[in-house]
1. So what is log10(I(q)/I(0)) for region 324-474 at q = 0.10, 0.11, 0.12 1/Å, when the Debye sum runs over its Cα atoms only?
2. Which value, in debye to the nearest 20, describes the size of the charge dipole of region 737-792 about its Cα centre when Lys and Arg Cβ atoms bear +1, Asp and Glu Cβ atoms bear -1, and nothing else is charged?
3. How compact is region 699-782 by the rule of thumb for globular proteins, expressed as Cα Rg over 2.2 N^0.38 Å?
4. Report the gain in length on full extension from V792 to N81: 0.36 nm times residue separation, minus Cα-Cα distance, nm rounded to one decimal.
5. Share of Cα-Cα pairs in region 234-293 beyond 16 Å, in percent?
6. So for region 35-143, considering every pair of alpha-carbon atoms, how many percent are separated by more than 17 Å?
7. Using Cα centres only, tell me the gap between region 610-655 and region 227-293 in whole Å.
8. Report ³J(HN,Hα) in whole Hz for each residue of region 154-159, in order, from the Karplus equation J = 6.51 cos²θ - 1.76 cosθ + 1.60 where θ = phi - 60°; Gly and Pro get x.
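Read the figures in this text as sums done on the coordinates, not as results from a lab. Everything numeric in this text was worked out from a predicted model, so none of it was measured. Cβ atoms come from the backbone with ideal geometry, glycine included; neighbour counts cover every protein chain shown.
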Amino acid sequence: MRVRFEHQAVVGIVLICQLSICLGKEAPGPTDPNRYVNAVREFADNVLLYGRDTYGPKHTPLFVDGVNIHTHEPVQWIAPNGDRWILSNLASQQNLFRTLDALTTITGDPKYKQAAVDAIRYAFENLRTPNGLLYWGGHSAYDARADKPCGRGIHEFKGTYPYYELMWEVDPEATKHFIEAFWSGHISDWSNLDMDRHCYNLNGPLNKPWGYEYKGGPVFFESKGLSAYNTASDLSYAAVWLTEFTGDREPLRWAELLAHRYVETRDPQVGISFPAFTRGRRPKIQFPSRDGIIEKLGPIPYIFPAQYIANTELWKCCFGYNTFTPERVVNGQFLSSICQLQLGEMLGDDGRKLTQWAIEELTAYMKVAYREEQNAFVPMSLGGMDLIGYVSKEDGPLGFKGTKLEPVPAGPIELWAYISAYCSTKNKSMWDMARNIARGNNYGDIGVNEVDEPLLNFQTESSDPYALTAFNTLYNNTGKKQFLALAQKIGDNIVLYRFSKGFFEPGNQHAFAKFDSIDPLVLLHLYSVFIGDKNVGLPGVWPGMSYFETEYRGKDLVVDNQIIYVLKGLPEPPVSLQEAAAVGNLDLIKSFVEAEIKVDAREDSFFKTAVHRAVISGHRDVVEFLLSRGADIDARDSFLVSALHYAVQNNHKDIAELLLANGASADARDGAGDTPLHYAARFSKVGKDLPGLLISKGADANAKNSQGQTPLDVAVSNNHKDIAELLLANGSQISTINAVAYLGDVGKVREFLEQGIDINARDDAGNASLHSAVDGGHKDIAEFLLDHGADV
């Protein structure tokens with residue numbers, strides 16, 4: 001990211017020095033706009049020829065997600081068991097469907113739209129779950145080779161924005177059923193809109209949506225799910241379309257209520273929304289971090305721009321989640337604002353609230369975090385604290401130990417956001433911000449206002465489809481031909497640099513083309529302007545993103561955008577250090593170390609190091625070698641779990657001994673405050689050996705986690721009596737009535753009741769004291785508790 005920012009700065013200096021050569025008020029003469037539609041038609045013909053499902057026992061109307069542009073072989077996902085899935089993920093084809101529909105509108109050839117219609121109809125008939133969802137999205141897909149669903153069996157959208165208009169045209173009832181199931185599957189409590197980005201129930205019945213009393217209440221309440229803003233944006237988008245289709249205003253009302261939950265998270269002095277309005281279980285005990293800043297970040301530890309963007313090392317692990325068209329990585333926090341603006345414009349007067357909230361959000365980004373001289377957003381807490389240059393003192397929410405937060409350049413996606421905001425509202429500050437971003441990206445000066453004559457860089461080498469969309473939008477709203485000419489120049493560059501061998505992809509060195517590229521759709525919008533249509537009748541350009549994430553081969557959870565569509569000259573991703581550690585390939589690991597690959601490098605969004613992966617898989621020799629080469633023995637993953645935690649969780653006593661002998665902390669805490677001894681009390685399948693080992697190395701038998709539980713409490717909750725007795729014998733203090741009931745001390749049970757302890761209070765496993773007495777085999781205590789009012 002730093003390299004990209006410095007490159008922008010250097011180009012900006014050169015541009016200023018050559019102002020008379022590069023900038024101009026007069027638009028250059030137009031090239032033949034047919035070149036755009038011809039390129040898109042060639043692409044579509046190739047998709048129809050090479051991209052259909054001709055694999056496995058059934059040949060279906062479905063499309064695969066992409067192909068190798070040299071061999072035309074389909075993209076394949078290698079599962080950990082060696083199966084090779086040929087991915088057909090309908091959620092990764094929504095821009096493709098819009099493109100095919102638009103191409104039929106422009107050319108009059110019905111085959112393109114019909115192909116999309118056939119795929120959608122087949123999916124509705126064959127890929128629906130029993131409760132009306134579909135096998136698609138971030139974690140589920142269809143394997144065209146085996147003709148069955150594949151992936152993790154979870155429904156997830158994060159800014160997908162499907163082409164519901166065509167789905168409704170194909171099957172209104174199935175589309176309505178899906179949108180309602182989408183809401184019902186992800187909303188767990190309609191009274192406060194508690195929700196989760198994941199829906200795990202793909203088969204069981206779901207409650208009907210809408211028709212509930214909304215009570216609201218404070219935000220940041222405890223939830224078992226994650227109320228991800230991009231999932232909520234998808235929910236709101238779906239509900240608005242359902243209102244458009246049916247005229248029923250209830251879905252729109254719920255869309256507004258859900259969108260407003262994020263507005264409620266804003267600090268009124270700052271105005272930036274948190275990306276979630278719920279939080280995990282509230283800790284009873286707060287453990288201070290060495291990064292004292294963490295406690296100052298608010299109810300949940302997020303910043304703007306998000307830490308996975310502002311921290312370059314985190315970014316390397318996460319950019320696949322923010323690749324919205326091949327190799328165009330963007331700041332995803334702007335996309336929900338663009339979506340709200342587009343929904344607001346579509347709804348007219350009924351969309352005023354959505355538009356207002358989007359403008360407020362963009363205004364806050366601009367006023368609080370934007371620095372014009374750098375054309376960048378500086379990292380800020382959502383309470384307004386400047387975090388630029390902050391260096392993490394330990395692995396944690398803001399990054400790995402020793403890494404820092406840096407400014408994030410404002411690029412084409414932000415330009416599109418602010419131009420959309422201006423065109424929707426004529427808010428002058430939105431124009432001013434767009435002007436700054438345009439200059440910062442060397443597009444030239446769009447002018448003091450829309451009346452002023454722009455001075456644009458018609459020699460730009462930009463091939464960014466979002467920049468094209470931004471200037472096309474400006475032309476449609478101002479009528480200034482200079483904006484159309486710049487959009488044309490960017491369109492020319494897309495065809496020149498991002499169209500190869502009949503497919504849209506980042507460059508001719510790349511092996512795979514993803515059919516869901518947004519490039520062909522924006523070119524068709526540009527073409528329609530040239531022929532005087534101004535996009536009337538074409539499917540809209542939405543800021544959606546498609547991805548597929550699950551385990552790949554021996555890797556942890558990874559994203560297709562990050563491991564497949566970036567490949568150059570390779571048929572599949574190479575084995576990494578982390579993967580070699582997971583499968584125990586010590587020779588390959590040694591070759592990586594000899595090539596000076598960092599032994600603590602991370603490659604996925606769960607931030608596991610090679611040591612983590614080797615420990616989990618039980619490869620002691622790999623762990624020993626990595627430690628001998630300087631690997632950080634106490635490195636943490638995204639859950640702040642250490643290698644010793646994982647050794648204990650997976651019952652690898654020999655590796656736990658090795659780690660402790662090399663100085664691993666026996667009292668290290670994970671994100672929930674659990675020490676390795678808590679893990680031993682919860683997971684041990686080897687009796688007292690692991691907890692005994694930890695205690696012998698000085699582990700604190702009375703350490704409390706963030707919920708105030710000791711290892712003894714955890715052992716009791718999990719019915720590990722031998723471990724509970726060991727802990728008690730080593731000084732672990734009894735702190736709950738469940739523990740004394742389980743251990744058979746009727747006198748202590750009586751003391752707890754005399755102190756007013758709730759006899760029916762339940763622990764984390766859902767057990768009350770009566771359950772614990774029964775689990776411990778103490779009939780006398782069970783009878784005593786029943787006599788004193790215990791519920792059966």
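1. -0.39, -0.47, -0.55
2. Working: 4 positive and 11 negative charges, 12 e Å.
For region 737-792, the charge dipole is close to 60 debye.
3. Working: Rg = 11.6 Å, N = 84, 2.2 N^0.38 = 11.8 Å.
Cα Rg divided by the expected 2.2 N^0.38 Å: 0.98.
4. Values: separation 711, 0.36 × 711 = 255.96 nm, distance 4.52 nm.
Contour length minus the Cα-Cα distance gives 251.4 nm.
5. Values: 1119 of 1770 pairs.
Everything past 16 Å amounts to 63 percent.
6. Working: 3254 of 5886 pairs.
Looking at region 35-143, the distances longer than 17 Å represent 55 percent of pairs.
7. Cα centres, region 610-655 to region 227-293: 36 Å.
8. Coupling constants for region 154-159: 10, 8, 8, 10, 9, x Hz.
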